[in-house]
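The values are calculated or read from the model by the stated rules, or taken from the named source; none is laboratory data. Only a predicted model underlies this, so the values are computations on that prediction, with no experimental measurement involved. Glycine gets a Cβ as well: all are built from the backbone with ideal geometry, and neighbour counts include every protein chain shown. Keep in mind that these areas ignore ligands, DNA and RNA; they rest on the heavy atoms of the full protein, side chains included. Shrake-Rupley method; radii C 1.70, N 1.55, O 1.52, S 1.80 Å.
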Amino acid sequence: MLGERSGVGSAAVVHWFAIAGLILLALGLGSSKAAQSAGMVLLGGAFLWQLPRAWPILRRDPLAQVLTLWLSYFAIRAAVAAWEFPDLLAEQLDEVRRMARILLVLAVAWWVSGRVETMLRLLAVALVGLLLALVAYVEWNSLVSLLAGRARLLLGQNAQHIGLFFATAIVGWVVLAPRLLRVSEARLGRWASIAFWLATFFLLVSALLATQVRAAWLAILFWVAFYVSYQIWVRRRGMERLSGLHVLVVALAVASAVGLVAYHYEGVSERFAQEKSAITQLIAAGPQDAPLTSFGIRVRLWHVGLEKWSERKWFGWGPGTPPELIADSGQPRPVSQMAQFHNTPIEMLVRGGLVGLLLTLAVLLVLVRQVHAAWRSGKLPGDLAFFFASVLLLFIVVNFAEAYVDRQIGWIYFAFFAGLAYSFHLAPATQPADVTETNGHSSMQRQTPGQVYGD
């Protein structure tokens with residue numbers, strides 16, 4: 001069930017439209033833009049139908065308020081830019097339409113309604129969609145080459161996006177391992193469930209390495225440091241007791257991950273070594289004359305973006321203006337052919353100036369604050385809280401090398417995971433996150449993100 005939103009007649013139809021929309025959104029997250037678009041239409045339509053009922057709640061909701069302010073600002077900025085640059089009217093409208101997808105956060109949150117079982121099923125569907133894409137785009141004889149690091153894994157999409165998807169899948173597979181093992185152990189037995197978990201973990205890590213996306217690799221390294229630091233902090237506070245099963249699974253996972261990285265070491269080191277000379281030339285020549293390598297192109301774009309922002313610091317140039325600014329920057333190809341600055345903070349500064357960037361940070365701040373409050377109140381389970389924090393960390397890191405605001409998948413990815421997390425804030429207060437038995441009586445307790453590992 002997707003929460004107590006269903007009824008009879010037309011309301012029941014809308015309810016099932018929302019279910020179909022959520023499933024398609026999750027299924028297409030890492031595999032199909034068409035499924036994403038269909039999911040948006042169904043979910044958005046169902047949410048609009050429910051808007052009269054949702055409005056009394058949403059008009060007082062802090063995230064809905066800041067999202068409305070954020071989107072209104074960029075819509076006004078686009079209108080001013082269209083008046084200033086009439087030839088870019090279509091581009092301004094297209095960018096505002098793309099940015100409006102952020103409102104899906106509220107639609108996802110409303111229909112999921114803080115239901116843990118629904119959320120876990122949607123995460124499972126997203127993982128299945130990613131693995132189905134792997135099966136659909138990669139033939140068996142080439143799969144071995146890909147996983148061995150002799151070819152690059154693309155799945156018919158931008159490599160940066162595929163790297164983010166597999167990094168997210170790895171984080172979820174590790175953080176939610178206790179839940180997964182409990183479910184699979186009841187059906188497969190302990191050792192079979194451990195073998196299944198490790199085999200999937202092995203496949204996901206191999207696929208991430210095969211994407212050859214350095215930003216995703218760095219994001220995972222940041223997350224590993226985050227995960228280890230948190231576990232140390234939890235243990236020092238006496239908030240968690242490790243089970244023997246958890247110790248065994250973590251040890252096997254670490255061993256397999258280290259083994260895979262060692263096996264791919266030559267390819268991984270080569271990907272980073274390609275930019276050594278670029279960094280040397282960059283230091284000598286400056287960002288405006290950086291070599292035309294992957295990293296060098298990004299540095300040139302960042303330099304152009306910061307220069308353009310410095311000309312209009314407060315309100316920027318408008319949402320649909322970056323491609324034109326890059327084309328007129330005097331940079332050689334392929335820099336001049338880029339449609340974005342490959343850095344979301346710089347992209348937002350150019351689009352909306354310092355005001356636009358501060359409003360974007362305000363959206364993140366309100367989201368994090370309300371989700372944290374949901375965890376403290378006991379609505380949001382600890383392992384899911386840590387998972388959502390991990391997803392946010394990954395997304396922040398990769399957005400320094402790619403402007404996901406310029407891609408449909410960026411808005412869908414953010415809306416999907418932010419909506420799942422925020423659903424606990426919109427959920428009725430009567431929905432406990434975790435119910436335990438105390439002397440024969442049930443009581444609601446707040447979990448820390450680490451406590452699930454002591455089960």
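Starting from 0.36 nm per residue, how many nanometres of slack lie between Arg369 and Leu218 once their C-alpha separation is accounted for?
51.7 nm
Under the rule of at least 5 residues apart or a separate chain, name every residue whose amide H is placed under 5 Å from the amide H of Gly316.
Correct list: Gly353, Leu354.
Assuming 1.567 mPa s and 4 °C, estimate D for region 43-106 with Stokes-Einstein, Rh taken as the Kirkwood radius over Cα pairs, in µm²/s.
For these conditions, the coefficient is 99 µm²/s.
Please compute the length gained on full extension between Phe196 and Asp328, using 0.36 nm multiplied by the number of residues separating them and subtracting their Cα-Cα distance.
42.2 nm
Once you have the alpha carbon radius of gyration of region 80-128, what is it after dividing by 2.2 N^0.38 Å, with N set to its residue count?
1.84
Run the quick spin-label model on Arg59 and Arg182: label points 7 Å from Cα toward the beta carbon, then report their separation in nm to one decimal.
4.1
Ignoring ligands, DNA and RNA, what percent of the 1.4 Å accessible area of region 338-417 is carbon and sulfur?
On the way: 1770 of 2300 Å².
Using a 1.4 Å probe with all protein chains present, region 338-417 comes out at 77 percent carbon and sulfur.
Under Stokes-Einstein, with the Kirkwood radius over Cα pairs standing in for Rh, what whole-number D in µm²/s applies to region 1-140 at 4 °C and 1.567 mPa s?
D, rounded to a whole number, is 77 µm²/s.
Report ³J(HN,Hα) in whole Hz for each residue of region 47-59, in order, from the Karplus equation J = 6.51 cos²θ - 1.76 cosθ + 1.60 where θ = phi - 60°; Gly and Pro get x.
Each residue's phi maps through the Karplus curve to give 5, 4, 4, 7, 4, x, 6, 7, 4, x, 7, 6, 5 Hz.
What's the extension gain from Val80 to Asp94 if we count 0.36 nm per residue and subtract their Cα-Cα distance?
3.6 nm
What distance in nm separates the simple spin-label points at Leu48 and Ser294, each placed 7 Å from Cα in the Cβ direction?
For the pair Leu48/Ser294, the computed spacing is 4.1 nm.
Taking θ = phi - 60°, what integer Hz values does the Karplus form 6.51 cos²θ - 1.76 cosθ + 1.60 yield along region 414-419, in sequence order, with x for Gly and Pro?
5, 5, 5, 6, 5, x
Across the Cα atoms of region 328-395, what radius of gyration and what greatest pairwise Cα-Cα distance (Dmax) are found, in Å?
Rg then Dmax for region 328-395, in Å: 17.6, 55.
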